[in-house]
1. Treat every Asp and Glu Cβ in the stretch B:138-198 as -1 and every Lys and Arg Cβ as +1, leave all other atoms uncharged, and give the resulting dipole magnitude about the Cα centre to the nearest 20 debye.
2. Roughly how tilted is helix A:6-16, in degrees to the nearest 10 and between 0 and 90, from the longest Cα axis of chain A?
3. Kindly state, to the nearest 0.05, the FRET efficiency for residue A:46 paired with residue B:98, given R0 = 25 Å and r defined as their beta-carbon distance.
4. Apply the a/c threshold of 1.5 to the C-alpha gyration tensor of chain A and tell me whether it is rounded, prolate or oblate.
5. Whole-Hz Karplus ³J(HN,Hα) for the stretch B:177-182, in order, using 6.51 cos²θ - 1.76 cosθ + 1.60 and θ = phi - 60°, x for Gly and Pro?
6. Using modelled amide H (1.01 Å from N, peptide plane; none on Pro or chain starts), what sits under 5 Å from the amide H of residue A:59, excluding residues fewer than 5 places away?
7. Using label points projected 7 Å from each Cα along Cα→Cβ, tell me how many nm separate residue A:108 and residue B:142, to one decimal.
8. Charges only on Cβ, +1 for Lys and Arg, -1 for Asp and Glu: so what's the dipole of the stretch A:6-56 about the Cα centre, in debye to the nearest 20?
Amino acid sequence: MLLVRCEDVALILPRAVDVGEPVEEAVQHHVNSCLVCQAELARYHKLLKALRTMRTQLVMPAPGTLAMTLAALQEAQERRAIRSLVSGRRGAYIGAIGGAAVAAGAAAAAVALARRRAPRLAG
Amino acid sequence: MTSVAQSNRYRDDGRDPLSQEELVAAARDGDQQAFEELVRQTYVATYTLAFRLTGNEEDARDVVQETYLRAWKAIRRFRGDAQFSTWLYRITANTSSSMTQRRSRNRTDSLDDQGPEVVDDRPFANPEASSEASALHQRLSEAVAELPPKLRAIVVLKDVYDLPHEAIAEELGISVAAAKVRLHRARKRLRDVLFEERGGVARAV
């Protein structure tokens with residue numbers, strides 16, 4: 001079996017401490033029979049447990065943080081609403097101008113057609 | 001569509017307020033008040049993560065604001081595959097990462113800065129009965145804060161908030177392999193700080 005030293009195991013333990021992380025059989029065998037490495041593994045378990053409990057330790061924000069956040073949010077929401085209103089109106093204006101242009105073009109074409117069809121008076 | 005006005009009315013009537021899922025559904029439909037209620041419910045947790053990632057209060061406040069602005073813009077795309085809190089954590093991580101990269105690291109912290117108040121929200125937590133544990137936690141919080149930002153972000157997101165490597169890598173813009181390497185380095189550093197070797201005997205705290 002491959003000879004494994006405690007120094008080698010120490011490099012692997014930060015990864016090996018994760019559940020489901022594959023560990024070579026030789027390393028596993030060494031840890032099972034080495035008190036130094038078992039103690040080192042226990043330290044990593046203790047570290048991970050302590051890190052997990054940090055999630056329940058809430059850091060309280062300074063007073064006013066919520067109010068500032070909500071104000072920034074409302075400002076952004078208003079900006080968005082105004083932008084959407086302006087872009088909606090812009091669309092309506094463009095549509096109206098386009099419609100007017102089409103109508104004018106159609107009218108001009110109709111006049112031109114009518115003139116062409118009108119009987120010319122003999123000079 | 002569920003309106004938060006209904007939620008408030010329910011409260012006035014003594015009935016149950018809307019659940020977070022219902023508030024999320026209303027916010028996705030464009031209900032601004034529902035989203036603001038979600039902000040009220042989650043901002044302390046979001047601030048806590050932002051503070052742990054940035055290491056200072058001012059940046060944490062900015063990250064919180066930016067996180068909720070981004071969340072509001074993206075809420076329609078939130079499909080509900082993950083919990084709303086997990087989705088927010090990912091936005092917080094991404095926002096914090098962008099801000100950390102943007103900001104200069106020449107900041108000088110105020111000498112009289114005592115740091116924010118930390119509250120343990122575990123039920124039945126008894127500080128007197130767990131003085132050793134709280135000493136370890138205090139030391140650990142300091143050790144995490146002293147890590148370089150890149151290592152700190154990984155260890156906070158993985159070992160504290162339990163986000164998967166893939167999500168962390170995506171939000172921080174790095175590969176999964178790089179995320180794992182950084183995590184192992186961060187753990188090794190924390191182990192060295194917390195269990196300092198003295199004459200071959202490990203000493204906790």
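Every number in this text was worked out from the coordinates using simple rules, so none of it is lab data. The model shown is predicted, which means the values in this text are computed figures rather than measured ones. We place every Cβ from the backbone using ideal geometry, glycine too, and count neighbours over all the protein chains shown.
1. The dipole of the stretch B:138-198 has a size of about 260 debye.
2. Compared with the principal axis, the helix lies near 40 degrees.
3. Result of the calculation: an efficiency of 0.15.
4. Judged from the Cα gyration tensor, chain A comes out oblate (a/c at least 1.5, b/c at or above a/b).
5. Once θ is set to phi - 60°, the couplings for the stretch B:177-182 become 4, 5, 4, 5, 4, 5 Hz.
6. Those qualifying (amide H under 5 Å, at least 5 residues apart or on another chain) are B:48, B:119.
7. The modelled label-to-label distance comes out at 8.3 nm.
8. Dipole size: approximately 500 debye.
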